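Notes follow the structure.
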């Protein structure tokens with residue numbers, strides 16, 4: 001009898017847990033249109049497992065909005081951020097995006113971090129003819145008509161990384177590891193195609209759930225297979241357990257370096273720099289980028305959010321894309337999202353990490369690929385850097401080149417690449 | 001293969017570590033403590049706090065966290081759980097609420113971001129035991145969980161409190177007739193269970209991300225261990241932790257971690273189907 005009640009009550013509690021949904025109210029907007037203010041949506045996770053990274057992106061978006069308001073606003077109007085919480089759940093993202101577009105009628109939305117949340121909101125932006133500025137590095141293989149992507153795509157983060165690793169770390173055999181969802185799987189697919197083209201090979205590819213913490217068996221497997229390098233797309237809190245287990249099992253970055261497309265300064269701080277030191281990451285921006293513009297920006301961020309705050313790639317994009325939006329709105333002269341997207345194309349901005357440009361064809365960003373090696377203090381020493389920004393090619397893994405573009409202003413050319421045929 | 005058995009042992013010892021406190025409270029008091037995972041989380045934050053502000057060495061955080069979460073457990077029993085005995089659903093709801101409050105308090109004081117705990121150098125890297133390399137930290141987790149287990153056994157079977165506790169868990173009315181202060185015994189039991197959760201939190205903080213929501217996965221894991229092992233049996237908890245850890249590790253080595261987790265849950269279902277009272281159940285009377 002005891003056991004039965006035990007199990008019953010467990011079932012009840014599970015049901016209760018699933019009911020909990022958090023929502024934070026929107027900031028009060030004043031007059032909707034034509035007045036002295038302009039509503040913009042800010043949609044990141046402020047609760048749930050991904051708040052760790054997304055909170056910093058939320059903060060830097062609001063920081064940019066404040067700066068723009070202090071300098072007179074956009075088209076003479078003050079920006080009013082309508083803040084929504086995506087709660088680390090793609091379904092909540094979709095619901096909030098719909099709310100922002102339909103009932104708040106925002107001019108644009110700045111938001112989203114994971115590929116899963118973007119996939120959930122994109123159809124809504126297309127349907128309601130809205131505009132999304134998406135600040136995160138992505139897996140490519142997307143050609144959205146109602147969004148501007150300001151983070152890196154594979155030819156700015158993966159191509160250069162694998163090439164550099166093979167040449168400079170003398171790596172031939174790669175172990176691919178990632179979290180189990182669309183971004184890591186697609187990134188691994190891209191990496192495999194590059195490896196094949198360049199005469200490398202992969203010895204295994206493994207995917208673990210997002211919150212996985214028992215890395216013992218997987219790291220033992222790495223030890224047995226002895227790859228030259230690990231290509232990692234591990235996301236979120238399980239990054240911590242991964243790097244810690246790696247060192248605890250006696251593996252060193254000299255023997256098997258972890259090359260990550262996800263572990264930035266903010267994850268490094270959480271893992272503890274002593275566990276990450278020596279490993280590599282590839283991003284177009286590192287806090288250590290040595291330019292006066294970046295030094296000023298980092299100082300401003302620390303001033304505002306505390307001396308222990310670190311800056312990272314997605315946070316930097318969250319910041320400068322708001323300034324691109326300002327230019328776009330002023331160029332378009334009115335607040336129609338479709339006209340503003342068109343106006344965004346080709347715009348340039350002197351971002352903390354160097355010059356960036358919105359590509360006139362596919363609406364992704366021109367960024368400068370960089371590779372950093374983690375140091376004992378958790379900062380990255382830049383070991384490889386391109387001379388200038390590189391044109392984004394979201395379909396590079398499928399044969400896209402600068403001369404032969406798949407994604408243009410008229411959408412994806414399905415005669416060159418058909419996503420339906422690529423399902424595997 | 002040998003390596004995967006060893007890592008199974010270490011997974012098992014983590015399971016045992018987090019399930020021990022839950023088992024003490026449920027097995028002897030019949031209260032399902034939904035705040036258990038959050039007490040583990042609190043233990044981890046005690047480590048973060050004492051390292052950062054008091055500069056206490058890592059291993060000394062163990063007694064600190066034990067005392068801190070234990071006192072908190074004592075308070076929880078005194079103020080809330082005491083009023084709800086023999087109302088299973090209500091205790092469940094109340095302790096779950098306490099868990100949410102703890103999570104929010106931590107979120108408001110430490111912020112939502114991941115915290116990191118530094119581990120002493122001698123606990124990183126490998127230790128050679130008889131020619132086989134074992135991660136030192138895993139070895140430490142194993143030793144701590146064995147020590148805590150022995151501690152619990154000693155308390156239950158060698159002390160006056162343990163004797164009273166066993167008497168109360170068998171029949172509170174008759175124990176009261178014999179002059180045992182039932183309320184006091186229950187308060188101390190709850191404190192012991194909560195303290196064990198806190199100590200588990202310290203060890204967990206060394207290899208896992210410390211954040212306000214970290215408790216939820218541990219509460220699920222430890223419930224599975226306790227259910228499979230038999231809810232009121234210490235030996236069962238040990239056996240099921242070892243079994244589940246071993247199966248998880250060997251399956252992960254043979255196939256992959258996702259499949260291993262599925263096999264684990266299937267195994268738990270099978271055990272409950274054929275041994276509804278768990279692997280080791282107390283004799284029915």
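Compute the whole-percent fraction of alpha carbon pairs in region A:353-394 spaced more than 12 Å apart.
Working: 545 of 861 pairs.
Distances greater than 12 Å cover 63 percent of the Cα pairs.
Treat each spin label as a single point 7 Å out from the Cα along the C-beta direction, and report the residue A:180 to residue A:254 distance in nm.
So the two model labels end up 3.7 nm from each other.
Which values of log₁₀ I(q)/I(0), to two decimal places, follow from the Debye formula for chain A at q = 0.10, 0.11, 0.12 Å⁻¹ with a uniform point scatterer at every Cα?
One equal scatterer on each Cα of chain A leads to -0.69, -0.83, -0.98.
How compact and how long is region A:188-280, expressed as Rg and Dmax of its alpha-carbon atoms in Å?
12.8, 36
Need one number: % antiparallel among DSSP beta bridges in the protein assembly as shown, to the nearest 5.
40 percent
Under 1.5 on a/c is rounded, so check that first for region A:264-347, then, if it is not, pick prolate when a/b is larger than b/c and oblate when it is not; a ≥ b ≥ c are the square roots of the alpha carbon gyration tensor eigenvalues.
prolate
Calculate, for residue B:75 and residue A:375, the FRET efficiency according to 1/(1 + (r/R0)^6) with r their C-beta to C-beta distance and R0 45 Å; round to the nearest 0.05.
0.50
What's the exposure ranking of A:384, B:221, going from fewest to most Cβ atoms within 10 Å? Intermediate values should be presented prior to the final figure.
Values: A:384 18, B:221 22.
Ascending number of Cβ neighbours within 10 Å: A:384, B:221.
The protein assembly as shown: D in µm²/s via Stokes-Einstein (Kirkwood Rh, Cα pairs, 20 °C, 1.002 mPa s)?
In µm²/s, the coefficient rounds to 79.
Per DSSP H run of n ≥ 4, the term is -39500 (n - 2.57); total these for chain A, divide by its residue number, and report the mean residue ellipticity at 222 nm rounded to 500 deg cm²/dmol.
Rounded to the nearest 500, the figure is -12500 deg cm²/dmol.
How compact and how long is region B:125-227, expressed as Rg and Dmax of its alpha-carbon atoms in Å?
Every Cα atom of region B:125-227 included, Rg and Dmax give 17.9, 58 Å.
Arrange the following residues from fewest to most other Cβ atoms within 10 Å of their Cβ: B:218, A:398, B:26.
Taking fewest neighbouring Cβ atoms as first place, the list is A:398, B:26, B:218.
Suppose R0 equals 45 Å. What FRET efficiency, 1/(1 + (r/R0)^6) with r the Cβ-Cβ distance, do residue B:59 and residue A:226 give to the nearest 0.05?
0.85
Restricting things to alpha carbons, find the Rg to Rh ratio for region B:167-263 using the Kirkwood radius for Rh.
1.10
Quick one: grab the alpha carbon gyration tensor of chain B, order the square roots of its eigenvalues as a ≥ b ≥ c, and give me rounded if a/c is under 1.5, else prolate or oblate depending on whether a/b is larger than b/c.
Oblate, because a/c is 1.5 or more while a/b does not exceed b/c.
How would A:58, B:36 line up from fewest to most surrounding beta-carbon atoms within 10 angstrom?
Details: A:58 25, B:36 30.
The fewest-first ordering by Cβ neighbours comes to A:58, B:36.
Which percent, nearest 5, of DSSP beta bridges in chain A are antiparallel?
35 percent
What is the calculated FRET efficiency for residue A:91 to residue B:174, with r their C-beta to C-beta distance and R₀ = 60 Å, to the nearest 0.05?
0.65
Within the P(r) computed for region B:28-155, what percentage of the Cα pairs occupies the region above 23 Å?
46 percent
Taken together, the values in this text are just the output of simple stated rules run on the coordinates, not laboratory data. Bear in mind that the values here come from a model prediction, so they are computed numbers and not experimental data. Neighbour counts are summed over all protein chains in view; Cβ atoms, including those assigned to glycine, are modelled from backbone coordinates with ideal geometry.
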